[in-house]
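**Student:** Supplied in structure tokens, the structure appears directly below.
The values are calculated or read from the model by the stated rules, or taken from the named source; none is laboratory data. All figures in this text were calculated on a predicted structure; none of them were measured in a lab. Quick reminder, even Gly has a Cβ in these numbers, built from the backbone with ideal geometry, and neighbours come from all protein chains shown. Calculation scope for accessible area: heavy atoms of the full protein, side chains included, ligands and nucleic acids excluded. Shrake-Rupley method; radii C 1.70, N 1.55, O 1.52, S 1.80 Å.
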Amino acid sequence: MNDAELTQFRATRLTAIAFPPYRFLPGRDPHPTASPKGHSYLPPGTPEPAVEWESAAAWEKCEAYLYGWDLCNHAYWWEAHEAWEGLWHEVERGSLPHRFLQGLIQVAACHLKLRLGRADGVERLRESSRGYLSSVIEEVKDASYMGVRVREFAASVDAYYAKVFRPGEGVVGHDPAIFPYCVPGR
């Protein structure tokens, strides 16, 4: 899939935060935070922007969480991973929001590995993300969590990967038509 095809990824936006000027692809683009040419580079000594986390119940007010969905739904997978990881560091280790965010982070990373054609990474991240999301489903059952029907989202991710990735055969490729978009609260 080339960059032009990535523009076909469409979903309702949840924030007005602008997208970065490029979707980071390791080996092709300047690293967003490590390279002075990166889209999110901060010079040494510059403090990281604060990540505001109130609670899982206040998910609708959490711009970093919603922006993560915007990024993921529009094929900015490395950037989505980073947005959610900032929140993941703010919540109690092992807690329900920690496991949920870890599952989302790994789904985004899995999409990036698929884009890179890295079958080994896809397989490992799919299993790991499935485990985290399953642990959330065990707790919330069929209810929504942070605006997401987790059971339905996990099933849509599984269905997607069944079509675009076959262990042993490799990567078929991303398909925007069947991509597991998720718009929390809708």
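**Student:** Report the residues of the range 80-116 in range of a label on Thr15: point 7 Å along Cα→C-beta, backbone N strictly under 14 Å from it.
**Tutor:** Answer for the range 80-116: 80-88.
**Student:** Quick check: at a probe of 1.4 Å, how many percent of the accessible area of the chain sits on carbon and sulfur atoms? Before the final figure, lay out the partial values.
**Tutor:** Details: 4800 of 9460 Å².
Taking all protein chains in place, the chain shows 51 percent carbon and sulfur surface.
**Student:** Would you mind getting the accessible area per residue of the range 64-138, heavy atoms of the protein chains only, 1.4 Å probe, in Å²? Don't skip to the answer; put the middle values down first.
**Tutor:** Details: 2610 Å² over 75 residues.
Accessible area per residue: 35 Å².
**Student:** Shape of the range 111-186 from its Cα gyration tensor (a ≥ b ≥ c, root eigenvalues): rounded if a/c is under 1.5, otherwise prolate when a/b > b/c, or oblate? Each step should come with its number before you reach the end.
**Tutor:** On the way: a/c = 2.63, a/b = 1.69, b/c = 1.56.
Prolate, since a/c reaches 1.5 and a/b exceeds b/c.
**Student:** Counting only C-alpha contacts under 8 Å and six or more residues apart, can you give the relative contact order of the range 72-184 as a whole percent? Spell out each step's value before the answer.
**Tutor:** Working: 122 pairs, mean separation 25.6, N = 113.
Once divided by the residue count of the range 72-184, the mean separation gives 23 percent.
**Student:** Same structure, new question: Tell me, how many Å apart are the Cα centres for the range 28-98 and for the range 151-179?
**Tutor:** First find each Cα centre; the distance between them is then 24 Å.
**Student:** Quick one: accessible surface of Asp142, probe radius 1.4 Å, all protein chains present, in square angstrom to the nearest 10.
**Tutor:** Spelled out: Asp142, probe radius 1.4 Å, area about 100 Å².
**Student:** Let me ask you something else. Give the long-range amide H neighbours of Tyr145: residues separated by 5 or more places, or on another chain, with amide H under 5 Å away, using H modelled in the peptide plane at 1.01 Å from N.
**Tutor:** Val150
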